[in-house]
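Beneath this line is the structure, given in structure tokens, with notes to follow.
The values are calculated or read from the model by the stated rules, or taken from the named source; none is laboratory data. Predicted, not measured: the structure shown is a model, and the values here were computed from it. Cβ placement follows ideal geometry from the backbone for every residue including glycine, while neighbour counts extend to all protein chains displayed.
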Amino acid sequence: MNIKLINLSKTFISPRRRVKAVDNINLEIGKGEFFVILGPSGCGKSTLLNLIAGLEKPSSGEIYFGEKLVASKEKKIFIPPKDRNVAMVFQSYALYPHLNVFENIAFPLRIQKLDKHSIKKEVEKIAEMLEIKDLLFARPSELSGGQKQRVAIARALVRKPSVLLLDEPLSNLDAQLRINARAEIKFLQKELKITTIYVTHDQTEAMSLGDRIAVMNKGKIEQIGSPEDLYKNPKNLFVAKFIGTIPINLIETEILEEDKKLYGLLGDLKIKIPDDKKEFIKEGKIIIGIRPEHLKINPKSADYNILARVKVIEPLGREYLIHIEYKNYTFKVLSLEKISEKEIIVGFNQQDLYFF
Amino acid sequence: MREEKFIKFLFVITAVSILFFCLMPFFYMLVISFSTSWDITSLDKIRFSFSNYIEILKDPSLHCLDYIKNSLIISAVSSFISVFIASLGAYAISRLDFPFKFFLLLFILASSMFPQITIVGYLFKFMNKLHLINTYLALIFPYIAWTLPLSLWIMVSYFSKVPKDLDKAALIDGCNWFQVFIKIILPLSKPGFISAGLLSFLFAFNEFLFALMLTIDYHARTVPVGVALFQGLHGELPWGSIMAFSILSLIPVILITLIFQRYIIQGLTRGGLKE
């Protein structure tokens, strides 16, 4: 089912303050799409998910599931979660502690008043799929984090929802497990072709899972696009900072005008500012961004070269993260080779630069 | 080492003295109830016998069993209803967002601080108008009102310990609000339910003033009043029978407390201390 959000807003009002958690969001999520909402904590991403689930009522705007209007403040329509056929996996897993694994998974079916035989069949089928068949009679408190997470997913999938919502489902797992679980979720989603909305603050998760990603900040969507798109063409500083395993290098530079052309000054190095980026200049300054992987050590040829001092080298296993210093600016450089020199030449190309 | 032993010794002595101090009346009660004489100062007169018990059980005009029955019914009904109403209220308070929630809770608590005596006169008139004097309802209603605040506070502390994610999960899994309450919140708050119920039960079972004012005879009179107004068969104060009656009426309470004490302790300490 495709989902459409129109001018959706949610404001929380308490005696002391009002918080606009979701601010006028327009969004369309395609049928069977794996859609990721990415943002720092407190940006409103969980509220947005709750609005879609029906756990919160919108303050204004509309939500469509397919052709059906499920929530609209203006038209006074609100369909409760139980009639939306959505399923949700929570960060805390939210397994019912007083029920064993079988009953946890069977819970949505029991509420639907399915007959005993079908419940047993469905639960066993999904348990088989998620490889938790031998845990069916354990209590949630006896399970490890990874197992709890599987049970939570099984409970979500057992009644074949038309929309699957995941609220940071991996953040309580340790790093090793997270990578496996990530792949598994992606596989399941592709296999079952359920429209999925996945909320996370972890850009690696977002990049590896999403067909499309919406980057959210302060209740608003900063940019929507495919992972490659967000990585290559970040629309603004916030997105550029947020995407990328190792954060982008950002340098604020003075502007120099010469022969009607504009340059950013990096020490005595003149970096050309393309004409279409002039709008970013503010108070005689511009922010130039370059990703650590685009800085090359001892390059054969590069548009710009700097001689920089090596400050720290962090081995990351396959690569090395080298912190360098050039004229009071520090950069992070990602390199496959280990460096022993104190000073190195670092080069970069015009096409890899971002201007904000 | 010696110091440690000394402290341990002091500890034991203190514990034993406190225990002795607390249990002495019970011991006295027990001895008197099983003896033919009630003069415990002259031990040589005391002879073991069941005569007191046989006397109060055999004589229907004493209505001992009626009092116990009344007490049990009134306590059970009022504590059940009190906990039921309290749990619904506590569910709303722990789950809904509304201003001045904490003040509401304090206000409710304050209402239970009223001395009973201030209200009993009015209550008598009120019950009289409703023609409820000397019925179970005359006691059940005030007992519910009196125990509600405590039950509510206990239930609120339990319900707020149940993670809200469970509510959300259950709502998404297809429950309505009432099903969430019945299927998720209640089973997870069982100790709270039981401890609130027990405390209400014990309050109702021990309550004296209302029972004295609002009942007239064995149709509704409860054990505490029954004991206080005990009339012997032979004119003088029948201490032996009174003690035997007290012991008898203690049995159900002790049984219930023994069965559920695990939960009471959990229930009372949990709100503030344990995560």
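Kindly provide the set of residues from region B:55-105 that are closer than 30 Å to residue B:238 by Cβ and within 14 Å of chain A (Cβ to nearest Cβ), ordered by number.
Answer for region B:55-105, where residues must be closer than 30 Å to residue B:238 by Cβ and within 14 Å of chain A (Cβ to nearest Cβ): there is none.
Checking the structure you have, find out if any residue of region A:220-228 is in contact with a strand residue (DSSP E or B) (Cβ under 9 Å, 6 or more places away or on another chain), touching a residue at least 60 places away in the same chain (Cβ under 8 Å) and hydrophobic (A, V, I, L, M, F, W, C).
Scanning region A:220-228, I find at least one residue that is in contact with a strand residue (DSSP E or B) (Cβ under 9 Å, 6 or more places away or on another chain), touching a residue at least 60 places away in the same chain (Cβ under 8 Å) and hydrophobic (A, V, I, L, M, F, W, C), so the answer is yes.
Considering only residues that are within 27 Å of residue A:164 (Cβ to Cβ), touching a Phe, Trp or Tyr at 6+ places or on another chain (Cβ under 8 Å) and among the β-branched types (Val, Ile, Thr), look in region B:169-200 and name the one that is surrounded by the most Cβ atoms within 10 Å (Cβ to Cβ).
B:184
In region A:136-144, is there at least one residue being touching a Leu at 6+ places or on another chain (Cβ under 7 Å), of a type in the set (Gly, Ala, Ser) and modelled with pLDDT under 90?
The answer is no, given that none of the residues of region A:136-144 is touching a Leu at 6+ places or on another chain (Cβ under 7 Å), of a type in the set (Gly, Ala, Ser) and modelled with pLDDT under 90.
Scanning region A:340-356 for residues that are over 13 Å from residue A:272 (Cα atoms) and assigned to a strand (DSSP E or B), which turns out farthest from the chain's Cα centre (by Cα)?
Taking region A:340-356 as the starting set, the residues that turn out to be over 13 Å from residue A:272 (Cα atoms) are A:340-347, A:356.
From what's left, assigned to a strand (DSSP E or B): A:343-347.
Details: A:343: 37, A:344: 35, A:345: 35, A:346: 31, A:347: 31 Å.
Top of the filtered list is A:343.
Check off (1) surrounded by 19 or more Cβ atoms within 10 Å (Cβ to Cβ); (2) more than 14 Å from chain A (Cβ to nearest Cβ); (3) at pLDDT below 90; (4) farther than 24 Å from residue B:113 by Cα for residue B:221 and give me the number that stays unchecked.
Evaluating residue B:221 over (1) surrounded by 19 or more Cβ atoms within 10 Å (Cβ to Cβ); (2) more than 14 Å from chain A (Cβ to nearest Cβ); (3) at pLDDT below 90; (4) farther than 24 Å from residue B:113 by Cα leaves (3) as the failure.
Could you run through region B:169-207 and say how many residues are in a helix (DSSP H, G or I), within 9 Å of chain A (Cβ to nearest Cβ) and among the polar types (S, T, N, Q)?
The total comes to 1.
Could you please find all residues in region A:279-322 being on the phi < 0 side of the Ramachandran plot and part of a loop (DSSP other than H, G, I, E, B)? Explain how you work it out, then say what you get.
Residues of region A:279-322 that are on the phi < 0 side of the Ramachandran plot, as a first pass: A:279-282, A:285-297, A:299-316, A:318-322.
Within region A:279-322, A:281, A:291, A:295, A:299, A:300, A:301, A:302, A:303, A:316, A:318, A:319 qualify.
Taking region A:97-121 as the search range and keeping residues that are in a loop (DSSP other than H, G, I, E, B) and either of a type in the set (S, T, N, Q) or more than 8 Å from chain B (Cβ to nearest Cβ) (or both), which one is nearest to residue B:172 (Cα to Cα)?
A:112
Please find, among B:117, B:108, the residue that is within 21 Å of the chain's Cα centre (by Cα), more than 30 Å from residue A:15 (Cα to Cα) and either within 14 Å of chain A (Cβ to nearest Cβ) or of a type in the set (Val, Ile, Thr) (or both).
Step by step, each of B:117, B:108 is checked, and only B:117 is within 21 Å of the chain's Cα centre (by Cα), more than 30 Å from residue A:15 (Cα to Cα) and either within 14 Å of chain A (Cβ to nearest Cβ) or of a type in the set (Val, Ile, Thr) (or both).
Using the structure shown, decide if residue A:94 is in contact (Cβ under 8 Å) with a residue 60 or more places away in the chain, more than 24 Å from residue A:11 (Cβ to Cβ), buried (at least 21 other Cβ atoms within 10 Å of the Cβ) and within 14 Å of chain B (Cβ to nearest Cβ).
no
Would you be able to tell me the number of residues in region A:49-61 that are closer than 18 Å to residue A:162 by Cβ and either among the hydrophobic types (A, V, I, L, M, F, W, C) or away from chain B (no Cβ under 13 Å) (or both)?
Of the residues in that region, 5 qualify.
Which of the residues spanning region A:123-151 are within 14 Å of another protein chain (Cβ to nearest Cβ) and either surrounded by fewer than 17 Cβ atoms within 10 Å (Cβ to Cβ) or more than 30 Å from residue A:175 (Cβ to Cβ) (or both)?
A:123, A:139, A:141
Restricting to region B:126-157, what's the tally of residues that are over 16 Å from residue B:77 (Cβ atoms) and either assigned to a helix (DSSP H, G or I) or within 14 Å of another protein chain (Cβ to nearest Cβ) (or both)?
12
How many of the residues making up region A:64-90 are among the acidic types (Asp, Glu) and facing another protein chain (nearest Cβ under 9 Å)?
Result for region A:64-90: 1.
For region B:212-232, which residues satisfy the criterion of being in a helix (DSSP H, G or I) and more than 14 Å from the chain's Cα centre (by Cα)?
Selection gives B:212, B:213, B:214, B:225, B:226, B:227, B:228.
Considering only residues that are among the charged types (D, E, K, R) and touching a helix residue (DSSP H, G or I) at 6+ places or on another chain (Cβ under 8 Å), look in region B:158-167 and name the one that is farthest from the other protein chains (Cβ to nearest Cβ).
My answer is B:161.
Please work out if residue A:256 is in contact with a strand residue (DSSP E or B) (Cβ under 6 Å, 6 or more places away or on another chain), modelled with pLDDT under 85, under 30 Å from residue A:319 (Cβ atoms) and surrounded by fewer than 21 Cβ atoms within 10 Å (Cβ to Cβ). I'd like the intermediate steps shown before the answer.
Details: in contact with a strand residue (DSSP E or B) (Cβ under 6 Å, 6 or more places away or on another chain): yes; modelled with pLDDT under 85: yes; under 30 Å from residue A:319 (Cβ atoms): no; surrounded by fewer than 21 Cβ atoms within 10 Å (Cβ to Cβ): yes.
The answer is no for residue A:256.
Is there a residue in region A:169-187 that is closer than 20 Å to residue B:172 by Cα and not in a helix (DSSP H, G or I)?
Looking for residues that are closer than 20 Å to residue B:172 by Cα and not in a helix (DSSP H, G or I), one finds at least one in region A:169-187, hence yes.
Could you say which residue among A:70, A:86, A:123, A:101 is under 27 Å from the mean Cα position of the chain (by Cα) and over 22 Å from residue A:24 (Cβ atoms)?
Just a single option satisfies the conditions, and that option is A:86.
Only one of these is among the basic types (Lys, Arg) and either over 25 Å from residue A:193 (Cα atoms) or at pLDDT below 90 (or both): A:159, A:155. Name it. Spell out how you get there, then give the answer.
On the way: A:155 fails: either over 25 Å from residue A:193 (Cα atoms) or at pLDDT below 90 (or both).
Answer to the selection: A:159.
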